[in-house]
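Right, one structure below, let's go through it.
The values are calculated or read from the model by the stated rules, or taken from the named source; none is laboratory data. Predicted model only: the values in this text are computed from it and were never measured. All Cβ positions, glycine included, derive from the backbone under ideal geometry; neighbour counts span all protein chains shown.
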Amino acid sequence: MKILFIEWASFGNEDIKEAFTAEGHTFVCFPFSNKDGRKDAEIEKALSGALHRETPDVVFSFNYFPVISQVCRKESVRYISWIYDSPYVMLYSYTAVNPCNEIYVFDRELYMEFHNAGIQTVHYMPMAVNTDRLDRMYPDGFDSREQLPGLYDISFVGSLYTEQHNFYDRMTTLSEYAKGYLEALMEAQMKVQGYNFIQESLSPIMDDLYKALPMDPNPDGVESREYLYAQYVINRKITGLERIDLLCAIAERHTLDLFTHDTNVTMKNLRNHGTADYYSQMPYIFKQSRINLNISLRSIKSGIPLRAFDIMGSGGFLLSNYQADFLEDFMPGEDFVYYESKEDLLWKIDYYLSHEEERAAIASNGHDKVAAGHTFRHRIREMLA
């Protein structure tokens, strides 16, 4: 099969290209700037030309772009997209129902939202990793019980939402009532794992939110204002507060290694290394950490974040918050471990730091489970079937 690959600065580009080739497909890259993924006459013209010139069987992109869908609908070419971002507002574009679309999301609860609305173009598909590439990074073989020299006891790789994504703190003109309402709402949500009630709770203060930080639905979309504020503002703030709170609690008891954009974050026993390159550094961090933390972005309803697959695929031990989709493919206590509260997290960190063989066996099982059924090659077979 011939694939026109919409290439932009996304995670996984090289991995999926390798998988296309390994599965016997050919691909042609179409350079894409996603500054405006909804409408762009220049992109539309260039893409139409590429479709006529290359005559691919399908068009593929990481994340979904309405402008790509509109051209594929016009040219009667199948458009496959695989969304790894959350939230992702362009999924709510009217164009999502175009019959050329096959849109995959990694969050089953999000998929069910579209399924229950009768939308047939959105499907569920978990994320994946290229375990072949990750295994090649360890020249002495891949046995978690004979790990590389341990550099870190506990590691976290991810954003603390203290930098450019922190829209919440821009709402400096909120009324005292709205501030109190949001603070109580966020405090309550931080105590609950597995269910997010932010979006459904915003109606009483929507006018205050809009005055403090105007956000409007897109003209071609069906998203609500409640969706925008819940997913892009408040859930990000909750995630930042939660991550800081948990990391502070851990650092009170252990040395903690952090890899994040904000190098100004400091706390007791914390070593802040700044960012880590996705391809060349992150796999080694995951492999060489006794415990790798996943603290999911609160806008992810039930899905397994890409970070979790990256950790397990690298042979690292994964300690994650509860996400319902884990239980469809992985066994807690055998392939990974999840925590239910701050107290549970701290207890499990102490336990697994002192139980080397059990921890290593779980890391090995997680890697093998991912390699056996959750690689890019597996996902390509499903998408192109």
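Numbers at a glance
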read-out	value
Residue identified as part of a loop (DSSP other than H, G, I, E, B), surrounded by 20 or more Cβ atoms within 10 Å (Cβ to Cβ) and modelled with pLDDT of 95 or more among ILE300, ILE291	ILE300
Checklist (1) farther than 23 Å from SER341 by Cβ; (2) loosely packed, with under 14 Cβ neighbours inside 10 Å applied to TYR195, failing item	(1)
Selection status of ASP245, among the acidic types (Asp, Glu) and more than 30 Å from ASN292 (Cα to Cα)	no
Selection from segment 360-377 of residues that are closer than 21 Å to SER289 by Cα and surrounded by 18 or more Cβ atoms within 10 Å (Cβ to Cβ)	ALA360, ILE362, ALA363, SER364, ASN365, GLY366, HIS367, LYS369, VAL370, ALA371
Tally of residues being in contact with a strand residue (DSSP E or B) (Cβ under 7 Å, 6 or more places away or on another chain) and either closer than 18 Å to PHE286 by Cα or surrounded by fewer than 20 Cβ atoms within 10 Å (Cβ to Cβ) (or both) across segment 333-344	3
Cross-chain or 6+ apart pairs with Cβ under 6 Å, segment 311-330 first and acidic (Asp, Glu), then outside any helix (DSSP H, G or I)	ASP325/SER302; ASP325/GLY303; ASP325/ILE304
Segment 3-23 residues that are in the same structural domain as VAL77 (by TED's automatic domain parsing), paired with ones that are among the polar types (S, T, N, Q) (beta carbon under 6 Å, 6 or more apart)	ILE6/SER61; TRP8/ASN34; ASP15/ASN130
Subset of segment 69-94 [within 25 Å of ASP15 (Cα to Cα), out of contact with any strand residue (DSSP E or B) (no Cβ under 6 Å at 6 or more places or on another chain) and either of a type in the set (Gly, Ala, Ser) or part of a helix (DSSP H, G or I) (or both)]	SER86, MET90, LEU91
Filtered residues of segment 208-256 (kept if in contact (Cβ under 8 Å) with a residue 24 or more places away in the chain, more than 17 Å from PHE156 (Cβ to Cβ) and of a type in the set (A, V, I, L, M))	LEU209, ALA212, LEU213, VAL222, LEU228, ALA230, VAL233, ILE234
Spans of helices (runs of 4 or more DSSP H) in segment 148-266 with at least 1 residues in the same structural domain as ALA324 (by TED's automatic domain parsing) and farther than 22 Å from ALA308 by Cα	176-190, 206-212, 225-229
Number of positions in segment 190-220 that are modelled with pLDDT of 95 or more and closer than 14 Å to THR239 by Cβ	1
One residue from ILE250, ILE234, ILE244 being surrounded by 20 or more Cβ atoms within 10 Å (Cβ to Cβ), within 22 Å of the chain's Cα centre (by Cα), of a type in the set (A, V, I, L, M) and within 27 Å of LEU346 (Cβ to Cβ)	ILE234
Residue list for segment 76-97, restricted to those being of a type in the set (Phe, Trp, Tyr), touching a residue at least 60 places away in the same chain (Cβ under 8 Å) and under 21 Å from PRO126 (Cβ atoms)	TRP82, TYR84
Residue in segment 354-385 that is nearest to ASP15 (Cα to Cα), counting only those that are in a helix (DSSP H, G or I) and β-branched (Val, Ile, Thr)	ILE380
Selection status of GLU357, farther than 30 Å from GLU187 by Cα and either surrounded by 18 or more Cβ atoms within 10 Å (Cβ to Cβ) or over 24 Å from the mean Cα position of the chain (by Cα) (or both)	yes
